[in-house]
1. Which residues in segment 170-189 place their backbone N less than 20 Å from a point set 7 Å from the Cα of Asp210 along the Cα-to-Cβ direction?
2. Take the alpha carbon atoms of segment 83-110, find their center, do the same for segment 305-342, and report the distance between the two centers in whole angstrom.
3. Rounded to the nearest 5, what is the percent of antiparallel bridges among the DSSP beta bridges in segment 1-143?
4. Over the chain, calculate the relative contact order: mean separation of alpha carbon pairs under 8 Å at least 6 apart, over the residue count, as a percent.
5. Roughly speaking, what is the stretch gain from Leu293 to Arg146, that is 0.36 nm per residue apart minus the C-alpha to C-alpha distance, in nm to one decimal?
6. Under a straight-distance cross-link criterion of Cα-Cα below 18 Å, which aspartates and glutamates are reachable from Lys314, leaving out those fewer than 8 residues away in the same chain?
7. If you take P(r) over Cα pairs in 10 Å bins from 0, in percent from the coordinates, which of [x] 5, 25, 37, 26, 7, 0; [y] 4, 13, 16, 14, 12, 10, 7, 6, 5, 6, 5, 0; [z] 5, 23, 32, 26, 11, 3, 0 do you get?
8. Of the candidates Asn155, Asn284, Asn316, which one comes out as most mobile in a Gaussian network treatment of the chain with C-alpha springs shorter than 10 Å?
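The values are calculated or read from the model by the stated rules, or taken from the named source; none is laboratory data. No experiment lies behind these values; they were computed from the predicted model shown. As a convention, Cβ positions derive from the backbone with ideal geometry for all residues, glycine included, and neighbour counts pool all protein chains shown. Heads up: the accessible areas ignore ligands, DNA and RNA and are worked out on the full protein's heavy atoms, side chains in. Shrake-Rupley method; radii C 1.70, N 1.55, O 1.52, S 1.80 Å.
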Amino acid sequence: MNPLASLLAERIRRFGPITFAEYMRECLYHPVHGYYSRAESQRFADYYTSVDVHPIFGRLLARQFAEMWRQLDCPAEFLLVEAGAGVGRLAGHILQFAQASLPEFYQCLRYVAVERSPSRCDQLAARLSPFVREGKCVVSVEIPARIPVGCVFSNELLDALPVHRILQLQDSLTEIFVACDGSSFAELPMPLSTCAISEYFAAQQISFQDGQHAEAGLEACDWIAEIARRLERGFVLTVDYGHEAADLFDAHHMAGTVLAYANHRANEDFYAAPGEQDLTAHVNFTALRLWGLRHGLEMLGLVSQTAFLLALGKGNDFADLYDAGMDDTARLRARLQLKTLIFPEGMGERFHVLVQQKSVPAANLTGLTPL
């Protein structure tokens, strides 16, 4: 057993089996041994994100945020909060492009890069130091307590929030707990740890077949509710992979959606080397919409990343793809990288963009425009 596995095994020995949500939280966010406490460079051995493909992703997001600012009547201070900022790669792309190409927006922009990992916070602050010194950016471990006007956004954050795993056994909904026999972990169906799980599925009118596995993303619901409470006026933009509930819990997902990622390969061995592989679950966009609505967030639209980027880029024929002085070879490489982001065989159709608004009922955003 590695160090985190030993710690988890000892906890289970002393206090009994733990929920999968507890196990997943420790695997990802343990302050010493968690996956996201590791050096960010090690992530590239396991997976890459849209941000890693080309700066065009951040540049088009910057254009969308500038349009949000305009639809909010160009406030003197627009708070742009990135949840799960990592080491600041996306933040750098957005800030650099806004500074160079969107000067009026940039003048009013205040960027808050939020990252809960102390080691990544240090890297984040170093990468964004020019903007920090200018007063355009602050690095924080917490979402601001009050966001008067602005946008909270995330890219591939919610898929890494802990989930409860459930199993339908005949007429009973049970929860998967994690047990340990001293040398290995095992799954143990037990009664639900909280009535919030039953309420989660009832609110979405979801029922299961015998033997079906699924996930209850209670922490994602808590997250969107808290964001809604802190945001007074503006938008919430979520980029992630997932489905609406009707698709997420259908017969094609009988085994659930939790996956482990290591060495650019997905696997279902969740208990191999805790803290040394990523754990994810598909995002339930229906739950985000419903729990957001309960707290004052109304959905503006849910579109594929393909549709979102194409709508934003077609206005200037994707001129933002190119840097000054690019030769023909570099321009061709940029176009191929764009193809990875937007076409179905790449990342574009696997990812979706959910936009919600609070107190901006007449908002009409380019990224949500039908193609």
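1. 170-176, 189
2. Result: 19 Å between the Cα centres.
3. Values: 0 of 10 bridges.
Percent antiparallel among DSSP bridges in segment 1-143 is about 0.
4. Across the chain, relative contact order equals 20 percent.
5. Working: separation 147, 0.36 × 147 = 52.92 nm, distance 1.88 nm.
Between Leu293 and Arg146, full extension yields an extra 51.0 nm.
6. Glu67, Asp323, Glu349
7. The value computed from this structure is option [z].
8. Asn316
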